[in-house]
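Enquirer: One structure, pasted below without further comment.
The values are calculated or read from the model by the stated rules, or taken from the named source; none is laboratory data. Quick caveat: nothing in here was measured; it's all calculated off a predicted structure. Note that we place each Cβ from the backbone using ideal geometry, even for glycine, and neighbour counts take in every protein chain shown.
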Amino acid sequence: MNHFVITGAHVFDGENSLGTVDVEVADGKIANVGGERPANADLVDGSGATLLPGLIDAHTHTDEESLRQALAFGVTTEFDMLSMPQQMIPLRRKAAASNDLADVRSPSIGLTPKGGHPHQLRRNEGDPPWPTATRPQEVAAFVEARVSEGADYLKVLVEDGRLFGSDTLPRLAPELVAATVRESHRRGKMVLAHAMTVETAGQVVDAGVDGLTHLFFDRPPTAELVEKIAAANAFVIPTLTVIASITGEPAGRRLAEDRRVYPKLTPEWRENLSGAMATSPREHFDYALETLSALKKAGVDLLAGTDAAHLGAPGMAHGASLHDELRLLTTAGFTPTEALRAATSVPAQRFGLTDRGRIKPGLRADLVLVTGDPTVTIGDTLSIQRVWRNGS
Ligand SMILES: [Zn+2]
């Protein structure tokens, strides 16, 4: 089996910088950090580089090729936030066993009304009819079906489509969100909610959801809502990447032009990344940044996520976009170290993945070696030398 020691690298362990220490990997796991160097192991020279835990993108919609691309960018785990079970069940199994794909967790399909968001964005995806629930007494069966499909958590979507340039979509009623929380918590599963407005975010937090899969950005945040989220200990996945696309910020285009990015993308993905949805006014992006800094000040856990989806959802690309999300987080007041925590230890902890997100003996050897020091210059995360998943 593989047995090696990464030497000479600055190590960020998912929470803090450890300085320059050896990291020993054996049989796919981190065997030792800063210990005695074994005589029989191969050496990997990490001088001038920084070793990070494998990155976690806490909001994607994924498939096999996307997981392969994510891994090339050092994203070793994706949290899918809604996919078709027919495709996701076999993919979860394959990703768990394949060291050339990022690992994945998924809620399977989410609860949305018939014809509700995101049906309007998936018209060309050839989806089979979506299961749903229209009355609270139908929710137990919906949740049970997702759990039996292998859902790691449940997802609800409360969205009338206005921010996506349409205002005719049916919106999930608060009592259905509350019923989903009840039925999911009874089965030991978290519930995550898509809610992009101050009004709907307040509703889903009142209903008891565990996390929000986006910032809300239709207007500046209210102190009341920020305090409510903090008091509920709910986490938030800001997804500044997709909000930039929705509000026409050219973040994706800039990223697509980066020399460290475009050789790893197909022409189709490069073009996808360069685009933007631009369905919401530009000032909404500033509201998102304002909301993010208020949530941070209130001590809310914030998890890096992009909403990278399929081709045709412009402004994002699996793997690449997570690096830009980290940069965007620093523009909203995160230190580089705080941004790195948001893509490593914090998501692992909030999703109960105790085997990753840190560089610690006994954990999976999901590692990224980058030139430079992203704890000083966040953009260095893109200067990838090497990625390991399970030590290979
Ligand atoms: Zn999404």
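Enquirer: Quick one: in the stretch 267-284, which of the residues that are in a helix (DSSP H, G or I) and out of contact with any helix residue (DSSP H, G or I) (no Cβ under 6 Å at 6 or more places or on another chain) is nearest to the ligand (Cβ to nearest atom)?
Expert: Within the stretch 267-284, the subset in a helix (DSSP H, G or I) is 267-274, 283-284.
Still in the running and out of contact with any helix residue (DSSP H, G or I) (no Cβ under 6 Å at 6 or more places or on another chain): 267-269, 271-272, 283-284.
On the way: PRO267: 24, GLU268: 20, TRP269: 17, GLU271: 20, ASN272: 15, GLU283: 22, HIS284: 17 Å.
Among residues in the stretch 267-284 that are in a helix (DSSP H, G or I) and out of contact with any helix residue (DSSP H, G or I) (no Cβ under 6 Å at 6 or more places or on another chain), the one nearest to the ligand (Cβ to nearest atom) is ASN272.
Enquirer: Please state which one of LEU71, LEU55 is closer than 29 Å to ARG123 by Cα, buried (at least 24 other Cβ atoms within 10 Å of the Cβ) and away from the ligand (no atom under 16 Å from the Cβ).
Expert: On the way: LEU55 fails: closer than 29 Å to ARG123 by Cα.
Every option except LEU71 fails the conditions.
Enquirer: Still on this structure: Would you mention how many residues in the stretch 298-318 are within 12 Å of THR241 (Cβ to Cβ) and under 13 Å from the mean Cα position of the chain (by Cα)? Full working, then the answer.
Expert: Step one: of the stretch 298-318, the residues within 12 Å of THR241 (Cβ to Cβ) are 304-309, 313-318.
Next cut, under 13 Å from the mean Cα position of the chain (by Cα) only: 304-309, 316-318.
Residues flagged as within 12 Å of THR241 (Cβ to Cβ) and under 13 Å from the mean Cα position of the chain (by Cα) within the stretch 298-318 amount to 9.
Enquirer: For the stretch 119-136, which residues satisfy the criterion of being among the polar types (S, T, N, Q) and within 18 Å of ARG171 (Cβ to Cβ)? Break it down stepwise before answering.
Expert: Start the filter on the stretch 119-136 by keeping residues that are among the polar types (S, T, N, Q), which leaves 120, 124, 132, 134.
Answer for the stretch 119-136, where residues must be among the polar types (S, T, N, Q) and within 18 Å of ARG171 (Cβ to Cβ): GLN120, THR132, THR134.
Enquirer: Here's a check for you: in the stretch 100-130, which residue that is under 25 Å from ALA342 (Cβ atoms) and more than 16 Å from the ligand (Cβ to nearest atom) is farthest from the chain's Cα centre (by Cα)?
Expert: Across the stretch 100-130, the extreme among qualifying residues is LEU101.
Enquirer: Another question, then. Of all residues in the stretch 297-312, which are within 16 Å of the ligand (Cβ to nearest atom) and either under 18 Å from THR330 (Cα atoms) or not assigned by TED's automatic domain parsing to the domain that holds ARG327 (or both)?
Expert: LEU303, ALA304, GLY305, THR306
For (1) at pLDDT 95 or above; (2) part of a helix (DSSP H, G or I); (3) outside the structural domain of MET81 (by TED's automatic domain parsing), each residue gets a yes or a no:
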residue	(1), (2), (3)
SER166	no, no, no
LEU169	no, no, no
HIS185	yes, yes, no
GLY188	yes, no, no
GLY202	yes, yes, no
VAL205	yes, yes, no
HIS214	yes, no, no
ASP218	yes, no, no
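Enquirer: Please count how many residues of the stretch 102-117 are free of Cβ contacts under 8 Å to residues at least 60 places away in the same chain and either assigned to a strand (DSSP E or B) or surrounded by 15 or more Cβ atoms within 10 Å (Cβ to Cβ) (or both). Outline the logic, then answer.
Expert: Initial filter on the stretch 102-117 (free of Cβ contacts under 8 Å to residues at least 60 places away in the same chain): 104, 106, 108-109, 113-116.
Next cut, either assigned to a strand (DSSP E or B) or surrounded by 15 or more Cβ atoms within 10 Å (Cβ to Cβ) (or both) only: 104, 106, 108-109, 113, 116.
So the count comes out to 6.
Enquirer: Within the stretch 211-229, count every residue that is in contact (Cβ under 8 Å) with a residue 60 or more places away in the chain and within 16 Å of the ligand (Cβ to nearest atom).
Expert: Taking the stretch 211-229 and keeping what is in contact (Cβ under 8 Å) with a residue 60 or more places away in the chain, we get 211, 213-221, 223, 226-227, 229.
Retained after the next criterion (residues that are within 16 Å of the ligand (Cβ to nearest atom)): 211, 213-217.
Going through the stretch 211-229 one residue at a time, the tally reaches 6.
Enquirer: I would also like to ask the following. Among the listed residues THR180, THR197, which satisfies the condition of being in contact with an Asp or Glu (Cβ under 9 Å, 6 or more places away or on another chain), more than 14 Å from the ligand (Cβ to nearest atom) and of a type in the set (Val, Ile, Thr)?
Expert: Numbers: THR180 fails: in contact with an Asp or Glu (Cβ under 9 Å, 6 or more places away or on another chain).
Just a single option satisfies the conditions, and that option is THR197.
Enquirer: Hey, another quick one. Search the stretch 268-294 for residues that are touching a residue at least 24 places away in the same chain (Cβ under 8 Å) and pair each with any residue that is in a helix (DSSP H, G or I) and polar (S, T, N, Q) when their beta-carbon atoms are under 8 Å apart and the residues are at least 6 apart or on different chains.
Expert: TRP269/GLN69; LEU273/SER321; GLY275/SER245; ALA276/SER245; MET277/SER245; ALA278/SER245; LEU289/THR331
Enquirer: Does ALA95 fit the bill of being in contact (Cβ under 8 Å) with a residue 40 or more places away in the chain and either in the same structural domain as LEU225 (by TED's automatic domain parsing) or not in a helix (DSSP H, G or I) (or both)? Break it down into steps so the answer makes sense when it comes.
Expert: Values: in contact (Cβ under 8 Å) with a residue 40 or more places away in the chain: no; either in the same structural domain as LEU225 (by TED's automatic domain parsing) or not in a helix (DSSP H, G or I) (or both): yes.
Answer is no for this residue.
Enquirer: Could you grab me the full set of residues in the stretch 81-92 that are touching a residue at least 60 places away in the same chain (Cβ under 8 Å) and either assigned to a loop (DSSP other than H, G, I, E, B) or in contact with a Cys (Cβ under 8 Å, 6 or more places away or on another chain) (or both)?
Expert: MET81, LEU82
Enquirer: Further question on the same structure: In this structure, does GLY19 turn out to be at pLDDT 95 or above, under 18 Å from ARG364 (Cβ atoms), away from the ligand (no atom under 16 Å from the Cβ) and not hydrophobic (A, V, I, L, M, F, W, C)? It would help to see each step written out before you state the result.
Expert: Details: at pLDDT 95 or above: yes; under 18 Å from ARG364 (Cβ atoms): no; away from the ligand (no atom under 16 Å from the Cβ): yes; not hydrophobic (A, V, I, L, M, F, W, C): yes.
So GLY19 does not fit the description; no.
Enquirer: Would you say GLN120 is in contact with a Ser or Thr (Cβ under 7 Å, 6 or more places away or on another chain), touching a residue at least 12 places away in the same chain (Cβ under 8 Å) and either surrounded by 17 or more Cβ atoms within 10 Å (Cβ to Cβ) or not in a loop (DSSP other than H, G, I, E, B) (or both)?
Expert: Working: in contact with a Ser or Thr (Cβ under 7 Å, 6 or more places away or on another chain): yes; touching a residue at least 12 places away in the same chain (Cβ under 8 Å): yes; either surrounded by 17 or more Cβ atoms within 10 Å (Cβ to Cβ) or not in a loop (DSSP other than H, G, I, E, B) (or both): yes.
Spelling it out, GLN120 is indeed in contact with a Ser or Thr (Cβ under 7 Å, 6 or more places away or on another chain), touching a residue at least 12 places away in the same chain (Cβ under 8 Å) and either surrounded by 17 or more Cβ atoms within 10 Å (Cβ to Cβ) or not in a loop (DSSP other than H, G, I, E, B) (or both).
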